[in-house]
Amino acid sequence: MKVSIAQYAGACFGVERALDIVVKNAEEKSNVVTLGPLIHNPQVVADLDSKGVRVVSEPSDVDNATVIVRTHGVVPEVIESAKDLGHDVVDATCPYVKKVHLAASKLEAEGYQVVIVGESGHPEVEGIVGHAKSAWVIGSIKDLEHLSIPKKVGVVVQTTQSQDLLQEIVSFLCIRCENLKVINTICQATSERQAAAKSMAVQCDCMIVVGGKNSANTTRLYEICLQSCSNTHHIETSDELRVEWFKGCNHIGITAGASTPQKYIQIVKAAIDNLVA
Ligand code: SF4
């Protein structure tokens, strides 16, 4: 039986960068907090907690702290209010998410109705809306059907969305408006992980997707794998693995969301190797 890890799997540039920023600040300072969990990975958040990094919801939940803005970014007002409260603000927003902020605000300034292809309520999407206040958040064609489409529409995308959804929405819009500008802000790390997971899932009898259950990009990988491999399972830790999933399998594939550090993937691989030995 073969157990393989997808070509692109696990923590991306933005997550590694944010982790480095937080760990460095925690080593140098005493009152370090993140605004919301740094990434959607409970194990990483627990690990940071053991290093003294607490999670707060609002800048006002803490006094005189180093407040770290997570990879997903926030609305500009949150950073301003943290500074007004006297906190030292460290912005760990992924540079690719910042590009979406800039693209959305530029489109709005140019008179486009901004469409954000993304998941309503997701922190990254809320941060983007903060930079283009009249934007529409569109999660499926259904969200567009009841809207009156203006002449000028500008599209940006939550960095972890699927290319397929973007294509569907662009196809819908392009025959309904006169001037459609699409800025594809899906991050390369996301595309690479999705493509690698898709091509691995067609070759495997079982797919294990590792990452936070609250992680949008991990859930998307799970859905992609499930389309080609019905024996696909989304787990956070190796404790959730079940030996019966692997019965009769020739090839087990492992992939992981962009918020899962490599060491957690290796732990899962070692546990599977053990179970099937
Ligand atoms: S998935 Fe892309 S946009 Fe999101 S944190 Fe990673 S590198 Fe940045």
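The values are calculated or read from the model by the stated rules, or taken from the named source; none is laboratory data. Computed from a prediction, not measured in an experiment: that's the story for all the values here. Glycine also receives a Cβ, built like all others from the backbone with ideal geometry; neighbour counts cover every protein chain displayed. To get the accessible areas, we keep the full protein, side chains included, count just its heavy atoms, and leave off ligands, DNA and RNA. Shrake-Rupley method; radii C 1.70, N 1.55, O 1.52, S 1.80 Å.
General observations
- Per-residue ellipticity at 222 nm, computed for the chain from helices alone with -39500 (n - 2.57) per DSSP H run of at least four residues, works out to -12500 deg cm²/dmol.
- Across the chain, the mean sequence separation of Cα contacts (distance under 8 Å, 6 or more residues apart), normalised by length, yields a relative contact order of 22 percent.
- Sequence-ordered 3J(HN,Hα) estimates for the stretch 106-111 from the Karplus curve with 6.51, -1.76 and 1.60 and θ = phi - 60° stand at 5, 4, 5, 5, 7, x Hz, glycine and proline given as x.
- Taking all protein chains together and rolling a 1.4 Å probe, Lys152 ends up with roughly 70 Å² accessible.
- 3J(HN,Hα) from dihedral phi, the stretch 172-185, Karplus parametrisation 6.51/-1.76/1.60, rounded to Hz, x for glycine, proline: 5, 6, 5, 9, 10, 10, 7, 10, 10, 10, 10, 10, 6, 9
- Most positive-pole-ward Cα, Asn41, Thr66, Ser81, against dipole of the chain from beta carbon charges: Asn41
- Across the stretch 88-103, coupling constants 3J(HN,Hα) worked out from phi with the 6.51/-1.76/1.60 Karplus curve, θ = phi - 60°, read 8, 9, 10, 8, 9, 4, 4, x, 6, 6, 4, 4, 5, 4, 5, 4 Hz, and Gly and Pro carry x.
- Cα-only Debye scattering, the stretch 125-277: base-10 log of I(q)/I(0) at q = 0.17, 0.18, 0.20 Å⁻¹: -0.95, -1.02, -1.18
- Amide hydrogen proximity for Ile138: with H placed 1.01 Å from N in the peptide plane, the residues at 5 or more positions away or on another chain lying under 5 Å are Ile116, Val117, Gly118.
- Cα-only Debye scattering, the stretch 58-188: base-10 log of I(q)/I(0) at q = 0.13, 0.19, 0.21 Å⁻¹: -0.55, -0.98, -1.14
- Normalised by 2.2 N^0.38 Å, where N counts its residues, the alpha-carbon radius of gyration of the stretch 99-167 equals 1.00.
- Straight-distance crosslink candidates among lysines, where the alpha carbon sits under 23 Å from Lys142 and sequence neighbours closer than 8 are dropped: Lys133, Lys151, Lys152, Lys181
- Amide hydrogen neighbours beyond the local backbone of Ile68, cut-off 5 Å, H modeled: Val33, Thr34, Leu35, Val90
- Under Stokes-Einstein, with the Kirkwood radius over Cα pairs as Rh, the value for the chain at 10 °C and 1.306 mPa s is 80 µm²/s.
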